[in-house]
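The values are calculated or read from the model by the stated rules, or taken from the named source; none is laboratory data. Small disclaimer: the values here were computed from a predicted structure and weren't measured. Don't worry about glycine lacking a Cβ; one is built from the backbone with ideal geometry, like all the others, and counts go over all protein chains shown. Just the protein is used for accessible areas: all its heavy atoms, side chains included, with ligands, DNA and RNA removed. Shrake-Rupley method; radii C 1.70, N 1.55, O 1.52, S 1.80 Å.
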Amino acid sequence: MNPTEEKEARELIKKIVLLNALRYEGKATPKPIFSKLLGEYPQFRKAVKEVAPIINQTVQEINSLSVEKQLEIVAENWPEALVEEKTEETKELPPLPNAEKYDKIVTRFSPNPDFVLHLGSARAILLSYDYARMYDGSFILRFEDTDSKTKKPKLEFYDVIREDLDWLGCKWDSEFIQSDRLPIYYEHAQELIKAGHAYVCVCEREVFQEKSRAGKSCPCRVLSADENLVRWNHMLDGTYGEGEAVVRVKTDLGHPNPAVRDWPALRIIDAEKYPHPRVGSRYRVWPLYNFSTGIDDHLMGITHIIRGKEHLTNQARQEYMFKQFGWKYPETIHYGRLKITGASLSKSEIIQGMESGLYKSWDDPRLATLAALRKRGITAEAIHSLIVDVGPKPQDVVLSWKNLYAYNRKIVDPTAKRYFFVQGPTKIVVSGVSDSMSAEIPLHPDHPDMGVRKFEVTPKDGKAEFLISAEDVKGIEDKKAVRFMDLFNFKAETVEDGLVQAVFVGDSYKEARKLGAPLIHWIPSGSGIACDVVMPDASVVKGVAEDASKSLKVGEIIQFQRFGFVRVDHIDDKKLIAYFAHR
Ligand SMILES: [Zn+2]
C-alpha cells in the first residue's frame, strides 16, 4: 500500500472496528473486521499482510476505550453509520486462518471424475472458489483420477464436472489431471525411498496389519534404502504383480490411530485388466490418495485446503510425508457434514440406485446431484447463498429441501413469468356468455413492463368452453360464485361424467370478492399446449399449459400459477415438458 492507501485503510478499519465494538458491548474481535474489510473493499485483498497488523492494533486501541467514548467517536465522524448499522446484516465468510502469511492464496477443488457432483461437493467448490476470490488468489481444479480399479474414472465425468463448475460460476484459474503426472509421483517416491523415509512392503496385507496393530515393524521396513530401491524398480518393471508390493511411507508405529501407521503410498494395478480411461495401460504403478494429493498440494502451492472433517486422518498421514520432504503443510479448514433430510448425498447409494434401475439418470429429480437440481430450476445463486450462510463451520448441518427452496424462491420469484397450467384438465361449459371477450393478464404481477398474455374467448350460441384443473372441480360445486382469474364470475350447476355445466353471473371483481368467490385459473377449450410436469418424486403430472407458454425456451424458469415454479426442459409444437422446482 502506498501512504494514501494506508491512510484510507486505517480510517476504514477504525470505523469497522468501532461499529463492531458497539455491537458487542464495547469489545471488537479481529476476525469479522477482516471479513468485512475484504468483503466490502476488495482493493485491500492484495494487501492482507499489511492490513492484518493494523486491524489487531486498532482492535486493541478501541477495546481500551469506554462504550461512551466509542459512541462519541462514531457520532462525530460517521453519524450515518449509527443508522445504517441497524438494517444491514449480510453474511460473509469468516477470514481464512493465517491468510496474512501468504503472498497469494491458492485453493483447490479436487474431485475424482468417477461420479457427478452433488450438493455436498458444491460446498467444497464454492468455499474454495469464494476464498480464492476474497483474497484475489487462485483457484485450481485438479482431477484425482489415479484409481482405475475400485474408483474407476469415466471420461464423460471430466466434462460433466467442468460443466457443473461453470454452472456454479466458479471459473478455475488452472487445471491439472493427476493421470498426466505419474512421472512426478515416481520421482518423489524414489526420493523418499532413497532417504529411508519409505519402503517397499511385500508382506501380505493381513500380516502387515497384524504387525502394525501391535506397533511392530514388518521385515521390509528395516531393509536398507538400496534394497528398497531394487524392490521399487521391480514394482515398475513388472517383476511384482498386482497386490504383491506396495510403497509405504514411514510414520510412527506407535501412532494412536493404526490407520496412520506406515500408510500405503503407491501400489500396482494390473493395467491390462484395469486400463485407465485416459492413459490406458501405460502405467502399472499408481499413487494412492494421500500420496498424490499431498505431493500436488505442495507442488501447486496450495495455501488453504477446505474440505470435510472426514479428511482429518488423511492430514495426520500426510504430515509425516511433508516433514520428510521438509515441506510446510497447508492451512486446513475441515467443515462438518451437510445433510439434506430426505435426499441421498451418498455416492454409493446413488450408484446403487442407478445400477438397480431405480434412477434412470444422474439428473433424476429425486437426487441432489447438481445436474438434477439444475434440471429442476434450482439456481446456482440459491446454492451459493445457502453455502455461504452455512459457512465452513466444523459442526454437522442438517438442512431440509424447504431451506434450499426458500433461497431459490427469493431468486426466481421476482423474475419468473406467470402462466396458467391446468392439471388433469376438465371441461366446463359456461352458458349466458353473450359477447366475445378478451383478457390481458400480466406476465408478472409486480412488473407490468414484462408484458401481458392475451386470451380470446368466443362464445357459440351464448356458450363458452374452458378447461379447468380436476382439483378445482371439487371446490366449486357448492359455491355461490367462482371467478375465473381476470375474466368473469360463474356458478357451477352440474358436474357429470367429467363435464361441468355452469352459468355466467357477471364480470365484476368487486362482486366476486363480496361473494367470497374462489379464484381459479382457466384455459379456453381448444387452446394451449399439452404439458407434462415431472415432480420431485419422479411422478408426472399431466395437463395443458396456456397458449402463451408455446413461446417458452428450454431452460426458462417460470411459475405455473397456483401450482409452483417449474423449469422448461423440452418444448416442441406438440408438447411442453417441465420439471417442478417448488411451490
Ligand atoms: Zn512388509
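Annotations for the structure displayed:
- A DSSP coil position with no more than 15 other Cβ atoms inside 10 Å describes the following trypsin sites (Lys or Arg not before Pro) in the range 455-560: K479, K480, K553.
- Alpha carbon centroid spacing (whole Å) that separates the range 484-562 from the range 91-133: 46
- Using a cut-off of 28 Å between Cα atoms, the listed pairs K510/K553; K101/K309; K402/K491; K309/K360; K49/K250; K152/K402 include K510/K553; K402/K491; K309/K360; K49/K250; K152/K402 as exceeding that distance.
- Computed over protein heavy atoms with a 1.4 Å probe, the carbon and sulfur contribution to the accessible area of the range 93-225 reaches 49%.
- Subset of K427/K480; K15/K393; K7/K69 violating a 25 Å alpha-carbon distance limit: K15/K393
- For L576, distant residues with modelled amide H under 5 Å away: A530, C531, D532
- Considering only the range 426-583, percent of DSSP beta bridges that pair antiparallel, nearest 5: 75
- With both residues required to sit in the chain, DSSP beta bridges show an antiparallel share near 65%.
- The range 462-583 - accessible surface per residue (Å², probe 1.4 Å): 48
- Taking the convex hull of Cα positions in the range 82-174, its mean projected area over all directions (nm²): 8.4
- In the range 228-286, GluC sites (Glu not before Pro) in a DSSP loop with at most 11 other beta-carbon atoms within 10 Å: E272
- Computed over the chain: relative contact order in percent, which uses C-alpha pairs under 8 Å that are six or more apart: 10
- Taking the helices alone, the chain has a mean residue ellipticity at 222 nm of -11000 deg cm²/dmol, built from -39,500 (n - 2.57) per DSSP H run of at least 4 residues and averaged over all its residues.
- Under 5 Å from the amide H of N112 lie the amide H atoms of E144, each residue being 5 or more positions distant or on a separate chain, with H modelled from the backbone and absent for Pro and chain starts.
- Backbone phi angles across the range 222-233, fed through the Karplus curve with coefficients 6.51, -1.76 and 1.60 (θ = phi - 60°), yield HN-Hα couplings of 8, 5, 6, 4, 4, 4, 5, 5, 4, 4, 4, 5 Hz in residue order; Gly and Pro are listed as x.
- Heavy atoms of L82 accessible to a 1.4 Å probe, total area in Å² rounded to 10: 60
- Cα-based helix-to-principal-axis angle, 182-194 vs the chain, degrees rounded to 10: 30
- In this structure the range 112-263 gives 42 Å² per residue of accessible area when probed at 1.4 Å with all protein chains present.
- Cα long-axis angle, helix 312-325 against the chain (0 to 90 degrees, to the nearest 10): 40
- The chain: C-alpha gyration tensor shape, a/c 1.5 cut-off, then a/b vs b/c: oblate
- Probe 1.4 Å, all protein chains present, accessible-area order of K31, K69, K410, largest first: K410, K31, K69
- Surface per residue (accessible, 1.4 Å probe) for the range 289-414, Å²: 42
- Simple spin-label estimate for K152 and E493 gives 7.0 nm between the two label positions (7 Å along the Cα-to-Cβ direction from each Cα).
- Solvent-accessible ranking of R337, R418, largest area first, probe 1.4 Å: R337, R418
- The angle between the Cα long axis of helix 401-412 and the main principal axis of the chain comes to about 70°, on a 0 to 90 degree scale.
- Atom-type composition of the exposed protein surface of the range 483-583 places 50 percent of the accessible area on carbon and sulfur (1.4 angstrom probe).
- DSSP bridge pairs, the range 62-210: antiparallel proportion in percent, nearest 5: 0
- For the range 373-507, the Rg and Dmax computed from alpha carbons only, in angstrom: 21.2, 71
- Within the chain, longest stretch clear of exposed chymotrypsin sites (Phe, Trp or Tyr not before Pro) (DSSP loop, no more than 16 other Cβ within 10 Å): 25-326
- Carbon + sulfur, % of accessible area of the range 294-401 - ligands and nucleic acids excluded, 1.4 Å: 51
- I105 contributes about 10 Å² of solvent-accessible surface, heavy atoms of the protein only, 1.4 Å probe.
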